[in-house]
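Structure, as structure tokens:
The values are calculated or read from the model by the stated rules, or taken from the named source; none is laboratory data. Note that the structure is a prediction, hence the values are computed from the model and not measured. Here the Cβ is made from the backbone with ideal geometry for all residues, glycine too, and neighbour counts use every protein chain on show. To get the accessible areas, we keep the full protein, side chains included, count just its heavy atoms, and leave off ligands, DNA and RNA. Shrake-Rupley method; radii C 1.70, N 1.55, O 1.52, S 1.80 Å.
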Amino acid sequence: MVDDRWVEVTPSQFPHEAEGLRAVRSLLPDGLRGFRVILPDRAPFRAWSNFEFRDDRGTWSEVDLLVLAPDGLHLLELKYYSGRLRGTDQLWLRDGHRAEDSPLMLANRKAKRLRSKLIAAFEEWARHQPPDPQRPRASEVIPFIQAGVFLHHRDFVCDLPDA
């Protein structure tokens, strides 16, 4: 992948996160299994790692990785979980840890907040442009953002149901 297609907005503070991003980056040219994302060296494919945004309520959110592909935007949360993972799509259980909300649910909420932020930015931009009856609405321009979780610890076993 050409370097200008992978933008490291902020260097990772954590060695395990940097390792996870390197793992994702090494998979992207061949496709990221499970996310149907392929990032060849041509438009519109791009990826941005490690950035923050603030939504309209003032809540700050951290994004580990955002990938643009023809089928839309994909927000990936990286998790460095070791051991065995069980649970449901809403509740995850890891050996030796308390039950926790699925990071996929949290990533999905973050993706919705990011899309709202992008729609608001497009609408603000459009207000300052000459009128154009052909201009699409923000919701037609800003794609759905698909959320995903990338689990990248070497000593990890996923026993979640396929669904």
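Loop-located trypsin sites (Lys or Arg not before Pro) in segment 59-142 (DSSP state other than H, G, I, E, B) with a sparse environment of at most 14 neighbouring Cβ atoms within 10 Å: ARG98, ARG137. Ellipticity at 222 nm from helices only: DSSP H runs of n ≥ 4 in the chain, each -39500 (n - 2.57), divided by the residue count, give -8500 deg cm²/dmol. Against the main long axis of the alpha-carbon atoms of the chain, helix 103-127 sits at an angle near 10°. Among SER82, SER26, SER49, the order of accessible area from largest down is SER26, SER82, SER49, computed with a 1.4 Å probe on protein heavy atoms. Other residues lying with their Cβ under 13 Å from the Cβ of GLN129 contribute a combined charge of -1, Lys and Arg counting +1, Asp and Glu -1.
Here the accessible area is traced with a 1.4 Å probe on the protein chains. For the chain, carbon and sulfur cover 51 percent of it. Converting phi to 3J(HN,Hα) with the Karplus coefficients 6.51, -1.76 and 1.60 and the offset θ = phi - 60°, segment 9-24 yields 5, 9, x, 5, 7, 10, x, 5, 6, 4, 4, x, 5, 4, 5, 4 Hz in sequence order, with x at every glycine or proline.
Taking HIS152, HIS16, HIS128 in turn, the Gaussian network model of the chain (Cα-Cα springs below 10 Å) assigns the largest fluctuation to HIS128. Largest first, the residues TRP48, TRP125, TRP92 sort by 1.4 Å accessible area into TRP125, TRP48, TRP92.
Answer rounded, prolate or oblate for segment 120-160, using the Cα gyration tensor with square roots of eigenvalues a ≥ b ≥ c: rounded when a/c is under 1.5, else prolate when a/b is larger than b/c, else oblate. Prolate shape, in that a/c is at least 1.5 and a/b is the bigger ratio. Between the amide H of ARG46 and those of LEU68, distances stay under 5 Å, these residues lying 5 or more places away or on another chain, with hydrogens modeled in the peptide plane.
Charge tally for SER139 (other residues, Cβ to Cβ under 14 Å; Lys, Arg +1; Asp, Glu -1): +3. Partners of LYS117 within straight-line reach, counting aspartates and glutamates whose Cα lies under 18 Å from its Cα and excluding those fewer than 8 residues away in the same chain: GLU52, ASP55, ASP56, GLU62, ASP64, GLU140.
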